[in-house]
1. If I ask for residues that are open to solvent by 20 Å² or more (accessible area, probe 1.4 Å) and within 20 Å of A:Leu147 (Cβ to Cβ), which ones from the stretch A:221-230 would you list?
2. What number of residues in the stretch A:15-51 are surrounded by fewer than 18 Cβ atoms within 10 Å (Cβ to Cβ), among the hydroxyl-bearing types (Ser, Thr, Tyr) and under 21 Å from A:Gly119 (Cβ atoms)?
3. Could you tell me whether A:Phe247 is more than 26 Å from A:Gly410 (Cβ to Cβ) and of a type in the set (A, V, I, L, M, F, W, C)?
4. Among A:Ser258, A:Ser284, which is under 19 Å from A:Leu421 (Cα atoms), more than 14 Å from chain B (Cβ to nearest Cβ) and not hydrophobic (A, V, I, L, M, F, W, C)?
5. Restricting to the stretch A:131-181, give me the number of residues that are among the β-branched types (Val, Ile, Thr), open to solvent by less than 30 Å² (accessible area, probe 1.4 Å) and facing chain B (nearest Cβ under 9 Å).
6. If you go through the stretch A:101-148, how many residues are of a type in the set (Val, Ile, Thr) and touching a Gly at 6+ places or on another chain (Cβ under 9 Å)?
7. Can you name every residue in the stretch B:34-45 that is buried (at least 21 other Cβ atoms within 10 Å of the Cβ) and more than 8 Å from the chain's Cα centre (by Cα)?
8. Identify the residue in the stretch A:110-130 that is open to solvent by less than 10 Å² (accessible area, probe 1.4 Å), of a type in the set (A, V, I, L, M, F, W, C) and in contact with a Ser or Thr (Cβ under 6 Å, 6 or more places away or on another chain) and, among all such residues, is farthest from the other protein chains (Cβ to nearest Cβ).
Amino acid sequence: MTNLIILPILIPLFTGVILIFLNKRITAQRVVATISSIGTIIAAWLIVQRVRIDGIQSLNVSSWDAPFGITLVSDMFSALLVLTTSIISFVCLIYSFKSIGEEREKYYFYAVFNFLLVGVNGAFTTGDIFNLFVFFEVMLMSSYVLLVLGGTKIQLRESIKYLLVNVISSALFVIAVAYLYSVVGTLNMAHISTRINEISVNGMPGILTVIAVLFLIVFGLKGAIFPLYFWMPGSYYAPPAPVLALFGALLTKVGVYSITRTYTLFFYHDMDTFGLLSILAILSIVFGVIGAIAYWDIKNIIIYNIIVAVGVILYGISVLNTASITGAVYYLIHDILIKAALFLLIGIVISITGTSNLRNISGLINRYPGLGWTFFIAALALAGIPPLSGFVGKLLIVQGGIEGESFIGGFITLMSSLLVLFSVMKIFINGFWGKDRTYRREEKAPVKQLLIAPVILVVISALYGIGSESILPYITQAADTLLDPNIYINAVLKE
Amino acid sequence: MEILMAFVIGILFMIATYLMLSKSLLRIIVGTGLLSHGAHLLILTMGGLKRGAAPILGGNEESYTDPLPQALILTAIVISFGVTAFFLVLAYRSYQELGTDNVEGMRGTEKDD
């Protein structure tokens, strides 16, 4: 029992409430938001250390014992994700000071930003399946507001589609929880796992497979896996760069986290659904890569790269052996860092040039060498060039795939790296090389101040890659919990 | 009783799907409302309909009704009210801005504006 693990939810919640009252005083908002963001990072760091030493931490809210009340659980997997979320949010926050614009700041941007973090951190921390739904809704509600804030035509149009898709998927989530409750009669995730284990002695009953697939549809919609990513390129195109970075880095990863959590904890008996997951993951990689190569728009290229990354991570999960799960956890954190960095860099490019069409951009590196080189390093990290952070994760996933005798998947994962490298190098070659151009909005763009945020992320990502030896114990601990549900169950139920 | 509920839920889902496939934004919103109502009724039915006394401990009843589905529905209803309210405001605002509530008119790629 420790109250520490609720802090990453409570700090943003209170900050968000305070910020609502400060809505006309922009400087005060910035100060409060920065302080709380740093506080969240410290709290998340303490949780990671605590989990490292003492094992899984759980908190029974209001002291109702585990299967009856609502439980918050922090294992290493969720603790690491909460820490990464806090870092990303801090970086996006200091980026938005210079780029988001006074209008949005007055209309509760920072408050909603903090509510989004409540949802994301809560979804990572909760140990109760219905609470997962509630935190999803907190997160989605804030994301609707962030998406539409500013009220341009494209934002309104895309928000309606995004909202509709998510309302339907939320209804499906409620339905899936209802079915699960009728079968196992509990909502606590650890308890669900033990109950399913009791039922599935002679193989998994069909109804549980149905529930597993329903969960895959619900979380797959959020996480943008193969047939369910249709809404993403349009919706993520609309918002400004810091919001896009938050969405691209975090929201899809919450879906990936939930798939990982439910599949490794509940449905590990059922290899058929894992087969389905693996096929969908491989198809996500293929279709994501096709999209990333096909577009000549820098935003779209990186948005399709999200789909590739989700595919790679879920492929690692679906193979379900030590190497692949370790790789997937490692790659998940790498991807959050590097996607945020890339979206922020693209935000700078757009603020300089006023366009995201690659055909209208060239020669940026002549006048903005810092921007060019940061982008180059981020692109290499994304594609997984050693010693940067993408390499270790992908290597482990491919190794796991080969050990699990899933050669096609391993091969496609490997090949996707090349094509991802091609897609980002296309941005680099066409946008940064070539003839120098002048752009209309150029003088107004505060490039130097904006560059601080992505540089921080790229440095963290490089350290994450180079220092992988010292980080690996944490990752292995996270993977161990995912591979052996009993660790999780014992920590939650036998306090 | 469960059979009756199954029919009610099925009819709600049917109407919701029909409404959500129409072109008017307002009808789509009504459809999402009905969809979530169907889902809430599904929770209630899945938790088991009333089979015992009110869940107040200390009485000498043999069996108690499961109170959890009601609590879940309460939460889910509040959330769906919030989302529907937001959706209505969004629809109104986009009607003002885009000049249409027909989703056909909201097609188009990013490059249009």
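1. Step one: of the stretch A:221-230, the residues open to solvent by 20 Å² or more (accessible area, probe 1.4 Å) are A:226-230.
The answer is A:Leu228, A:Tyr229, A:Phe230.
2. 1
3. Numbers: more than 26 Å from A:Gly410 (Cβ to Cβ): yes; of a type in the set (A, V, I, L, M, F, W, C): yes.
When the stated conditions are applied, A:Phe247 passes them.
4. Working: A:Ser258 fails: under 19 Å from A:Leu421 (Cα atoms).
One residue alone meets the criteria, A:Ser284.
5. Pass one, the stretch A:131-181, residues among the β-branched types (Val, Ile, Thr): A:134, A:138, A:145, A:148, A:152, A:154, A:160, A:165, A:167-168, A:174-175, A:177.
Those still in the list that are open to solvent by less than 30 Å² (accessible area, probe 1.4 Å) too: A:148, A:154, A:160, A:165, A:167, A:174-175, A:177.
Pick out the ones that are also facing chain B (nearest Cβ under 9 Å) and you get A:148, A:154, A:160, A:167, A:174-175, A:177.
Result for the stretch A:131-181: 7.
6. Taking the stretch A:101-148 first, the residues of a type in the set (Val, Ile, Thr) are A:112, A:118, A:120, A:125-126, A:129, A:134, A:138, A:145, A:148.
Remaining after also requiring touching a Gly at 6+ places or on another chain (Cβ under 9 Å): A:112, A:118, A:134, A:138.
Within the stretch A:101-148, residues that are of a type in the set (Val, Ile, Thr) and touching a Gly at 6+ places or on another chain (Cβ under 9 Å) number 4.
7. Matches in the stretch B:34-45: B:Leu42, B:Ile43.
8. A:Phe124
The values are calculated or read from the model by the stated rules, or taken from the named source; none is laboratory data. A quick note: this is a predicted structure, and the numbers were derived from the prediction, not measured. When we count neighbours, we look across all protein chains shown, and the Cβ atoms used for this are built from the backbone with ideal geometry, even at glycine. We work out accessible area using only protein heavy atoms, side chains counted, and drop any ligands, DNA or RNA first. Shrake-Rupley method; radii C 1.70, N 1.55, O 1.52, S 1.80 Å.
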